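Read the structure below first, then the notes.
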Amino acid sequence: MKRMMTQITQFEGKIEYRFNDRELLVTALTHSSYAQENGGASENNERLEFLGDAFFDAIIGEELYRDFPGKEEGFLSRARAAIVCEKALALEGRRLGVGEIIRLGRGEEKNGGRERESIIADAMEAVIGAVYIDGGFEEAKRVVLHIFRGLIEDAKSGKFIVRDYKTALQEVLQQQGITDIKYIPQGEEGPDHNKTFTVRLEVEGRKMSEGRGKSKKQAEQQAAEAALKRSQNVI
């Protein structure tokens with residue numbers, strides 16, 4: 001625990017926020033697999049993740065609205081989707097070293113959980129939720145804008161490191177006069193805390209690709225990404 005508290009201090013420095021209640025940050029960095037292996041003695045980060053997700057979306061949405069006064073809704077939605085997504089969260093989470101300090105169960109550790117995009121992204125959302133609980137909305141906003149300033153600046157210059165693949169595919173197909181695009185759930189597997197969803201993408205009734213992910217939304221994005229690459233419309 002002493003080593004983790006040292007890592008917590010270093011992490012606070014990176015996000016430029018010092019917690020009044022550090023247990024909130026410890027909880028934000030505790031995966032459900034760790035809590036389950038310890039008989040439920042530790043809280044996991046799922047509730048904080050739920051809260052952080054909502055505030056992250058609102059903060060980025062407000063910032064883009066203020067930064068792009070002349071842009072239409074479609075642009076703002078695409079820019080927000082490029083930042084408020086699993087890939088962007090995981091990108092910044094890895095930069096901050098979240099994978100190195102998150103508490104995982106032994107099984108998840110063996111399965112490469114420290115590198116898993118969904119786990120790092122969820123922990124980042126939980127950290128945002130923890131900052132909100134500990135310091136209020138203005139502090140949560142300040143921390144989010146500090147962490148994601150680079151991606152926001154990329155949006156200003158028209159450079160999206162992360163794209164909304166579903167929207168990108170839709171735009172490509174609509175240019176060809178195609179509007180019949182369907183994402184059809186194919187099933188789910190795994191325990192409740194670690195499900196994997198599969199989705200089939202059909203265009204005009206024909207299968208174009210499949211996607212898998214930790215949520216239906218992620219699976220749809222993966223299917224759209226695969227379809228774009230297959231048609232050589234690489235992002």
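The values are calculated or read from the model by the stated rules, or taken from the named source; none is laboratory data. Fair warning: this is a prediction, and the values are worked out from it, not measured in the lab. For the accessible areas, the whole protein counts, side chains as well, though only heavy atoms, and no ligand, DNA or RNA atoms are used. Shrake-Rupley method; radii C 1.70, N 1.55, O 1.52, S 1.80 Å.
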* To do: Keeping all protein chains in position, work out how much accessible area Glu189 exposes to a 1.4 Å probe, and write it in Å² to the nearest 10.
  => 100
* Structure fact -> Rounded to the nearest 10 degrees, the helix 165-175 long axis (Cα) sits at an angle to the longest Cα principal axis of the chain of 10
* Asked: Using the scaling law 2.2 N^0.38 Å as the reference, what is the normalised Cα Rg of the stretch 115-235?
  -> 1.28
* Roughly how tilted is helix 86-96, in degrees to the nearest 10 and between 0 and 90, from the longest Cα axis of the chain? -> 40
* To do: Enter the accessible area per residue of the stretch 122-186 (Å², integer; probe 1.4 Å; all protein chains in place).
  => 47
* Asked: So who's got an amide H within less than 5 Å of the one on Met208, skipping anything under 5 residues away but keeping other chains? H placed 1.01 Å off N, in plane.
  -> Leu201, Glu202, Val203
* Tell me, what is the per residue accessible area of the stretch 60-100 in Å², probe radius 1.4 Å? -> 50
* **the stretch 178-187 - phi-based ³J(HN,Hα) in whole Hz, Karplus 6.51/-1.76/1.60, Gly and Pro as x** => 9, 10, 7, 10, 10, 10, 10, x, 10, x
* **Most to least accessible of Met124, Met208 (protein chains only, probe 1.4 Å)** => Met208, Met124
* Residues with amide H under 5 Å of Thr30's amide H, sequence separation 5 or more or different chain, H placed in the peptide plane at 1.01 Å from N; which? -> Asn45, Arg103
* Kindly identify the stretch 1-126 as rounded, prolate or oblate by the Cα gyration tensor criterion: order the square roots of the eigenvalues as a ≥ b ≥ c, call it rounded if a/c is under 1.5, otherwise compare a/b with b/c, prolate if a/b is larger, else oblate. => prolate
* Links that overshoot a 29 Å alpha carbon limit, given the list Lys156/Lys182; Lys14/Lys229; Lys71/Lys207; Lys141/Lys182; Lys156/Lys217; Lys2/Lys195 -> Lys156/Lys182; Lys14/Lys229; Lys71/Lys207; Lys141/Lys182; Lys2/Lys195
* Considering the chain as a Gaussian network with a 10 Å cut-off on Cα pairs, which listed residue, Asp67, Asp21, Asp192, attains the greatest mean-square fluctuation? -> Asp192
* Structure fact -> Of every hundred units of 1.4 Å-probe accessible area on the chain, the number belonging to carbon and sulfur atoms, as a percent, is 46
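Can I get the semi-axes of the chain's equivalent ellipsoid? Compute them from the C-alpha gyration tensor as square roots of 5 times the eigenvalues, in angstrom, largest first.
Values: eigenvalues 210, 111, 34 Å².
Sorted largest first and rounded, they come to 32, 24, 13 Å.
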